[in-house]
1. Among 87, 80, which is the only one that is surrounded by 10 or more Cβ atoms within 10 Å (Cβ to Cβ), farther than 30 Å from residue 113 by Cα and not assigned by TED's automatic domain parsing to the domain that holds residue 187?
2. So, in the range 144-165, exactly how many residues are under 21 Å from residue 189 (Cβ atoms) and not in a strand (DSSP E or B)?
3. Considering every residue within the range 77-87, establish whether at least one is closer than 15 Å to residue 185 by Cα and touching a helix residue (DSSP H, G or I) at 6+ places or on another chain (Cβ under 9 Å).
4. Within the range 112-129, how many residues turn out to be crowded, with 21+ Cβ neighbours inside 10 Å and on the phi < 0 side of the Ramachandran plot?
5. Given the condition at pLDDT below 90 and under 30 Å from residue 201 (Cα atoms), answer yes or no: does some residue in the range 124-142 qualify?
6. Tally the residues that are modelled with pLDDT under 85 and more than 17 Å from residue 132 (Cβ to Cβ), restricting the search to the range 179-195.
7. Enumerate the pairs (first residue in the range 173-195 and farther than 22 Å from residue 150 by Cα; second residue anywhere and assigned to a loop (DSSP other than H, G, I, E, B)) with beta-carbon separation below 8 Å, excluding pairs fewer than 6 apart on the same chain, so at least 6 apart or on different chains.
8. Does the range 51-65 include one or more residues that are in contact (Cβ under 8 Å) with a residue 12 or more places away in the chain, under 36 Å from the mean Cα position of the chain (by Cα) and surrounded by 10 or more Cβ atoms within 10 Å (Cβ to Cβ)?
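The values are calculated or read from the model by the stated rules, or taken from the named source; none is laboratory data. Not measured: the values here are computed from a predicted model. Every residue, glycine as well, gets a Cβ built from its backbone with ideal geometry; the counts of neighbours run over all protein chains shown.
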């Protein structure tokens with residue numbers, strides 16, 4: 001083989017090798033570019049996911065804070081209302097105490113009415129009356145008439161006698177002579193019995 005022919009063969013081999021090398025480099029570069037772009041896309045997706053999750057967590061936390069604030073606000077309002085209602089009850093008892101410590105006809109009539117109500121609730125019979133010491137002289141004059149009223153209303157012969165004194169700001173406790181049945185119509189007991197209803201009424205006035 002001539003040197004010229006051999007040169008052409010070598011040249012052809014080199015040319016083919018260069019083409020293959022160029023093709024490999026081109027494909028590698030394209031693949032690298034593809035990988036890089038895909039990496040950017042994946043990174044952006046991951047970034048978006050992180051941001052989205054962070055936003056969701058932030059929104060949840062914000063709602064929790066708002067909810068807690070509302071609950072605390074309601075709790076404070078309820079506590080303030082209860083304090084005001086309690087103060088109103090305390091003031092009412094003080095006012096009742098002032099009225100009951102006097103000699104007003106209205107209180108004496110109320111004392112009589114409370115005694116009648118308790119006696120009727122028991123159903124008459126041999127009953128004993130307990131009031132504070134200052135109220136004995138206020139209720140004793142009414143007992144004879146109350147005996148007649150309760151006897152007629154219940155059909156049960158009724159006697160009313162003073163059983164003693166009790167520690168109260170006003171009102172009356174009526175018991176059967178054997179002590180088995182008792183109706184507490186003191187001011188404190190009545191306010192406690194009607195506390196729920198009175199709380200609503202007081203709250204309406206305080207918070208209307």
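1. One residue alone meets the criteria, 80.
2. The qualifying residues number 2.
3. Residues of the range 77-87 that are closer than 15 Å to residue 185 by Cα, as a first pass: none.
There is no residue in the range 77-87 that is closer than 15 Å to residue 185 by Cα and touching a helix residue (DSSP H, G or I) at 6+ places or on another chain (Cβ under 9 Å).
4. Residues meeting the conditions: 6.
5. No, the range 124-142 contains no residue that is at pLDDT below 90 and under 30 Å from residue 201 (Cα atoms).
6. So in the range 179-195, the residues modelled with pLDDT under 85 come out as 191-195.
Okay, now just the ones that are also more than 17 Å from residue 132 (Cβ to Cβ), so 192-195.
Of the residues in the range 179-195, 4 are modelled with pLDDT under 85 and more than 17 Å from residue 132 (Cβ to Cβ).
7. Here the result reads 188/168; 188/169, each pair linking the range 173-195 to a residue that is assigned to a loop (DSSP other than H, G, I, E, B).
8. no
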